[in-house]
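*Asks:* Sharing a structure here in structure tokens format.
The values are calculated or read from the model by the stated rules, or taken from the named source; none is laboratory data. Bear in mind the structure is a predicted one, so any value in this text is a computation, not a measurement. Here the Cβ positions follow ideal geometry from the backbone for every residue, glycine too, while neighbour counts run over all protein chains shown. For accessibility, only protein heavy atoms count, side chains too; no ligands or nucleic acids. Shrake-Rupley method; radii C 1.70, N 1.55, O 1.52, S 1.80 Å.
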Amino acid sequence: MDDWRSVCTSATLLEGKPLHFPIGAVDVLVVRVAGAVHAINNLCTHADACLHEGRIRGHRIICPLHGASFDVRTGAVLAKPAIVPLTRYEVREIDRSVQVLLPRTIT
Ligand code: FES
């Protein structure tokens, strides 16, 4: 059985304004871009800066520390110095709630 965790209301998640939520041992960043909601790991793979403090430009999130950028839809690296992609999480909106699907390793 899938384990969906409600993290915030849909109204709380404003366009282009990332929020982050601890889920188990993972800090998950949730952001709405062009109306769609995306969820990725909040820690930059370069040196663990918190990405929710970065800027959103289209589907790109830019790390506030050294400027690496990632695609919020896939976690893919778009610009160095990061070279490792971010983990992406399944996310959905149901009944005005934003929910993230927990990875099986999180309890
Ligand atoms: S910590 Fe993100 S680019 Fe260095």
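*Asks:* Across segment 14-28, which residue is farthest from LEU102 (Cα to Cα) among those that are in contact (Cβ under 8 Å) with a residue 40 or more places away in the chain and in contact with a strand residue (DSSP E or B) (Cβ under 7 Å, 6 or more places away or on another chain)? Don't jump to the end; show me each part of the working.
*Replies:* At the first step, the residues of segment 14-28 found to be in contact (Cβ under 8 Å) with a residue 40 or more places away in the chain are 16, 18, 21, 23-26, 28.
Then drop every residue that is not in contact with a strand residue (DSSP E or B) (Cβ under 7 Å, 6 or more places away or on another chain), which leaves 16, 18, 21, 23, 26, 28.
Details: GLY16: 23, PRO18: 19, PHE21: 12, ILE23: 8, VAL26: 10, VAL28: 10 Å.
By that ranking, first place goes to GLY16.
*Asks:* Condition first: of a type outside the set (S, T, N, Q), farther than 14 Å from ASP71 by Cβ and assigned to a loop (DSSP other than H, G, I, E, B). Now tell me which residues in segment 30-51 satisfy that. Talk me through it step by step, then tell me what you get.
*Replies:* Narrowing segment 30-51 to residues of a type outside the set (S, T, N, Q): 30-40, 43-44, 46-51.
Going one step further and asking which of them are farther than 14 Å from ASP71 by Cβ, we end up with 30, 32, 35, 37, 43, 46-50.
Selection gives GLY35, HIS46, ALA47, ASP48, ALA49.
*Asks:* Right, another one. Go through segment 59-88 and report how many residues are under 20 Å from LEU19 (Cβ atoms), in a loop (DSSP other than H, G, I, E, B), open to solvent by 50 Å² or more (accessible area, probe 1.4 Å) and more than 9 Å from the ligand (Cβ to nearest atom). Step through it out loud before you land on a result.
*Replies:* Within segment 59-88, the subset under 20 Å from LEU19 (Cβ atoms) is 59-65, 69-75, 86-88.
After this cut, where a residue has to be in a loop (DSSP other than H, G, I, E, B) as well, the list is 59, 63-65, 72-75, 86-87.
Narrowing the set further to residues that are open to solvent by 50 Å² or more (accessible area, probe 1.4 Å) leaves 59, 64-65, 73-74, 87.
In the following step, the residues that additionally are more than 9 Å from the ligand (Cβ to nearest atom) were identified as 59, 73-74, 87.
Summing the residues that are under 20 Å from LEU19 (Cβ atoms), in a loop (DSSP other than H, G, I, E, B), open to solvent by 50 Å² or more (accessible area, probe 1.4 Å) and more than 9 Å from the ligand (Cβ to nearest atom) in segment 59-88 gives 4.
*Asks:* With ALA25, ALA36 as the choices, which residue is at negative phi, open to solvent by 70 Å² or more (accessible area, probe 1.4 Å), more than 13 Å from the ligand (Cβ to nearest atom) and out of contact with any Phe, Trp or Tyr (no Cβ under 9 Å at 6 or more places or on another chain)? Break it down into steps so the answer makes sense when it comes.
*Replies:* On the way: ALA36 fails: open to solvent by 70 Å² or more (accessible area, probe 1.4 Å).
Among ALA25, ALA36, only ALA25 is at negative phi, open to solvent by 70 Å² or more (accessible area, probe 1.4 Å), more than 13 Å from the ligand (Cβ to nearest atom) and out of contact with any Phe, Trp or Tyr (no Cβ under 9 Å at 6 or more places or on another chain).
*Asks:* How many of the residues in segment 89-107 are surrounded by fewer than 18 Cβ atoms within 10 Å (Cβ to Cβ), over 11 Å from the mean Cα position of the chain (by Cα) and closer than 19 Å to ALA36 by Cα?
*Replies:* At the first step, the residues of segment 89-107 found to be surrounded by fewer than 18 Cβ atoms within 10 Å (Cβ to Cβ) are 90, 92-97, 101, 103-107.
Still in the running and over 11 Å from the mean Cα position of the chain (by Cα): 92-97, 101, 103-107.
Then keep just the ones that are closer than 19 Å to ALA36 by Cα; that gives 92-97, 101.
Adding up the residues that qualify gives 7.
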